[in-house]
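Okay, structure first, notes after.
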Amino acid sequence: MASDALTSSEYISHHLQNWTFGLHPQNGWSFAQSVAEAKEMGFMAIHVDTMLWSVLLGLMFIFFFHREARKATAGVPTGMQNFVEWVVEFIDTSVRGSFTAKSKLVAPMALTVFIWIFLMNFMDLIPVDWLPTLAGMVGSSVFGVDPHSVYFKVVSTTDPNATIGMALTVFALMIFFSIKNKGIGGFVGELTLHPFHSHNMAVQIALIPFNLFLELVSLISKPISLSLRLFGNMYAGEMIFILIAIMFSAGMLLAAVTGLSIDTIMGALLTLGGFLLQLGWAIFHILVITLQAFIFMTLTIVYMDMAHADH
């Protein structure tokens, strides 16, 4: 697809555009056939590919872990049971190290966050052209549409809607448990009586606006940093894969059209270089996708611990 009548900029734009469904001013409820149509659908449009892959991968996680939990035995475990037990033990250790209160919610939530985000990140290791090309072929053969108008973005965490949605869910739980454990007065007190404090009542009242401003900035920055960190790292990784794919396909195209010449050698070198870069970045990216899932999970645990801490 990198070389099928698409320039490099069009190729990049195509791979970074979501499969969008929404209310178009002229076409009504429909799928966007171009980037411009997707923009015209506005904020309430749905990224179908993000919803599809996030839900599918979440259901896969639930299915396999639930199946192994039901099949678990005290005897010789299977390889999958060993893996599930190792993951659960790892999450349990992380929760015990960062969460000081008692809650039946935090450990399952940490497990869900870690595995779900890891699976969504893992889709970044699938070659960038495979699934979008397959989607274009299905759209062309089944629905008779131009394959270049079929958008299919498979890495949900490169969509800020997904990462912000997860971060806001964690934020809402943090606010809920803060109020539940500390009461409205305790929660408001945390926002207005810290970090500056004075034993003089008049001075303390005068400090309330400054404390409120600083604490609100700190509070609001939590979901923003949580979501944008994951999105930024995964988006950058996806962009590098796309650029390497352009280099790889450009080398193959050059070698194919020039015949036996110095350009053929250059094309072969570009192809080999693209392959090696793709392989090297994929190996390094395994660490990136795991680390980003771990960071999101750890910060979630820390935020929940802050919500349960009563100062």
Report summary line: The correct count of residues that are at pLDDT below 95 and among the β-branched types (Val, Ile, Thr) in the range 21-61 is 1
Requested in this report: Just need a number here: residues in the range 9-51 that are without any contact (Cβ under 8 Å) to a residue 12 or more places away in the chain and under 16 Å from residue 157 (Cα atoms).
Outcome: 1
Report task. Report yes if residue 103 is part of a helix (DSSP H, G or I) and among the small types (Gly, Ala, Ser), otherwise no. Result -> no
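Show me the helices (runs of 4 or more DSSP H) found entirely inside the range 1-99 where at least 2 residues are of a type outside the set (Gly, Ala, Ser) and closer than 21 Å to residue 293 by Cα.
Numbers: elements: 8-16, 35-40, 48-71, 79-98.
Fully inside the range 1-99 and qualifying: 48-71, 79-98.
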Query raised in the report: So which pairs qualify, if the first residue must be in the range 117-129 and closer than 19 Å to residue 16 by Cβ, the second must be part of a helix (DSSP H, G or I) and among the aromatic types (Phe, Trp, Tyr), the Cβ gap must be under 7 Å, and the two must be at least 6 apart or on different chains?
Result: 120/53; 123/53; 124/241; 128/241
Query raised in the report: Within the range 82-108, how many residues are more than 27 Å from residue 172 (Cα to Cα) and crowded, with 16+ Cβ neighbours inside 10 Å?
Result: 1
Report summary line: Taking the range 149-206 and keeping only residues that are touching a Leu at 6+ places or on another chain (Cβ under 9 Å), surrounded by fewer than 21 Cβ atoms within 10 Å (Cβ to Cβ), in contact (Cβ under 8 Å) with a residue 12 or more places away in the chain and among the polar types (S, T, N, Q), one is left with 192
**Report entry** Any hit, the range 156-179, residues being farther than 23 Å from residue 225 by Cβ, in contact with a helix residue (DSSP H, G or I) (Cβ under 6 Å, 6 or more places away or on another chain) and in a helix (DSSP H, G or I)
**Finding:** no
Query raised in the report: Within the range 109-121, is even one residue hydroxyl-bearing (Ser, Thr, Tyr), in a helix (DSSP H, G or I) and surrounded by 17 or more Cβ atoms within 10 Å (Cβ to Cβ)?
Result: yes
Query raised in the report: Considering 112, 93, 78, 73, which residue is among the hydroxyl-bearing types (Ser, Thr, Tyr) and closer than 19 Å to residue 308 by Cα?
Result: 93
Query raised in the report: Just a yes or no: is a residue in the range 180-196 under 30 Å from residue 155 (Cβ atoms), of a type in the set (Ser, Thr, Tyr) and either in a helix (DSSP H, G or I) or modelled with pLDDT under 95 (or both)?
Result: no
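Quick one: count up the residues across the range 130-139 that are within 21 Å of residue 12 (Cβ to Cβ), surrounded by fewer than 18 Cβ atoms within 10 Å (Cβ to Cβ) and without any contact (Cβ under 8 Å) to a residue 60 or more places away in the chain. Spell out the reasoning first.
If we filter the range 130-139 for residues that are within 21 Å of residue 12 (Cβ to Cβ), which is where we start, we get 130-137, 139.
Narrowing further to those that are surrounded by fewer than 18 Cβ atoms within 10 Å (Cβ to Cβ): 130-131, 133-134, 137.
Going one step further and asking which of them are without any contact (Cβ under 8 Å) to a residue 60 or more places away in the chain, we end up with 130-131, 134, 137.
Residues flagged as within 21 Å of residue 12 (Cβ to Cβ), surrounded by fewer than 18 Cβ atoms within 10 Å (Cβ to Cβ) and without any contact (Cβ under 8 Å) to a residue 60 or more places away in the chain within the range 130-139 amount to 4.
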Query - Condition check for residue 245: closer than 30 Å to residue 118 by Cα, modelled with pLDDT under 85 and surrounded by 13 or more Cβ atoms within 10 Å (Cβ to Cβ) - result: yes
Report summary line: In the range 214-240, anything touching a Pro at 6+ places or on another chain (Cβ under 8 Å) and either at pLDDT below 90 or under 28 Å from residue 153 (Cβ atoms) (or both) is listed as 227, 228, 231
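The values are calculated or read from the model by the stated rules, or taken from the named source; none is laboratory data. Computed from a prediction, not measured in an experiment: that's the story for all the values here. Every residue, glycine among them, receives a Cβ derived from its backbone with ideal geometry; neighbour counts consider all protein chains shown.
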